[in-house]
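Chemist: For reference, the structure I am asking about is given below.
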Amino acid sequence: LWWSTRTDDVLMGYPTVDRAALARLAADPVARRTVTLMVDDVAHLDLIAEATATARSKSGDDMPPIRVCLDIDASLRVGPFHLGVRRSPLRTPEDAVTLARQATRRGIEVRGVMFYEAQVAGLPDTSPAIRLVKRASLAELLHRRGAVVSALEGALGRPMLVNGGGTGSIAATALDTTV
């Protein structure tokens, strides 16, 4: 929560299961407006909802919703091969919309999505094979990222914050109009 006192927009890069930290966030109206938590599973939503219910019982119902960002698997799958880090169980537009609807039912606001393509960002261009994997991954992700964002915006009725890329892929990701 320290960051929420120094900036008006904090995006947590990984999901948390720290109940004490979630309780502090849920009880702090400033942090609720400035911090966006990463989630990729209904269990994360349940922990957030539990913290929210506890805070609501202590301070009333006038708090802004806790905001979340869905962590979407950005790895490349080619046939039986999985190239990437298996960062999240969420992969398809349907996966994202299903979790977003679960969040909405719990009074949690889905603010956006994150796609970290480690198989692009984390690999140096050391061979033609790696360059081929990177090109294929970026091409597939360009299509899939757009489909996920479109499905979420349609289901939720509002634009999504879209986070993508990493140090080694930000230039390519910046060309994606959904980001």
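Chemist: Could you figure out which of (1) modelled with pLDDT under 95; (2) in contact with a Cys (Cβ under 8 Å, 6 or more places away or on another chain); (3) open to solvent by 20 Å² or more (accessible area, probe 1.4 Å) isn't true of residue 114?
Modeler: (3)
Chemist: Does the stretch 52-111 hold any residues that are surrounded by fewer than 16 Cβ atoms within 10 Å (Cβ to Cβ), in contact with a helix residue (DSSP H, G or I) (Cβ under 9 Å, 6 or more places away or on another chain) and in a strand (DSSP E or B), and which are they?
Modeler: Passing the criteria: 77, 78.
Chemist: Examine the stretch 34-45 for a residue that is surrounded by 15 or more Cβ atoms within 10 Å (Cβ to Cβ), outside any loop (DSSP other than H, G, I, E, B), touching a Ser or Thr at 6+ places or on another chain (Cβ under 6 Å) and not charged (D, E, K, R), and state whether such a residue exists.
Modeler: yes
Chemist: Also, I was wondering about something else. Here are some residues: 126, 177. Which one is open to solvent by 40 Å² or more (accessible area, probe 1.4 Å) and either in a helix (DSSP H, G or I) or at pLDDT 85 or above (or both)? Walk me through it before giving the result.
Modeler: Numbers: 177 fails: either in a helix (DSSP H, G or I) or at pLDDT 85 or above (or both).
It is 126.
Chemist: Against the condition among the acidic types (Asp, Glu), over 16 Å from the mean Cα position of the chain (by Cα), open to solvent by 60 Å² or more (accessible area, probe 1.4 Å) and more than 30 Å from residue 134 (Cβ to Cβ), how does residue 28 come out, does it pass?
Modeler: On the way: among the acidic types (Asp, Glu): yes; over 16 Å from the mean Cα position of the chain (by Cα): yes; open to solvent by 60 Å² or more (accessible area, probe 1.4 Å): no; more than 30 Å from residue 134 (Cβ to Cβ): yes.
It is false that residue 28 is among the acidic types (Asp, Glu), over 16 Å from the mean Cα position of the chain (by Cα), open to solvent by 60 Å² or more (accessible area, probe 1.4 Å) and more than 30 Å from residue 134 (Cβ to Cβ).
Chemist: Select from the stretch 15-25 the residues that are more than 16 Å from the chain's Cα centre (by Cα) and crowded, with 18+ Cβ neighbours inside 10 Å and list them in ascending order. Full working, then the answer.
Modeler: Residues of the stretch 15-25 more than 16 Å from the chain's Cα centre (by Cα): 18-25.
Matches in the stretch 15-25: 22, 25.
Chemist: Which one of 68, 78, 133 is in contact (Cβ under 8 Å) with a residue 40 or more places away in the chain, closer than 22 Å to residue 44 by Cα and of a type in the set (Val, Ile, Thr)? Spell out how you get there, then give the answer.
Modeler: Working: 78 fails: closer than 22 Å to residue 44 by Cα; 133 fails: closer than 22 Å to residue 44 by Cα.
Unique residue meeting the criteria: 68.
The values are calculated or read from the model by the stated rules, or taken from the named source; none is laboratory data. A quick note: this is a predicted structure, and the numbers were derived from the prediction, not measured. Note that we place each Cβ from the backbone using ideal geometry, even for glycine, and neighbour counts take in every protein chain shown. Heads up: the accessible areas ignore ligands, DNA and RNA and are worked out on the full protein's heavy atoms, side chains in. Shrake-Rupley method; radii C 1.70, N 1.55, O 1.52, S 1.80 Å.
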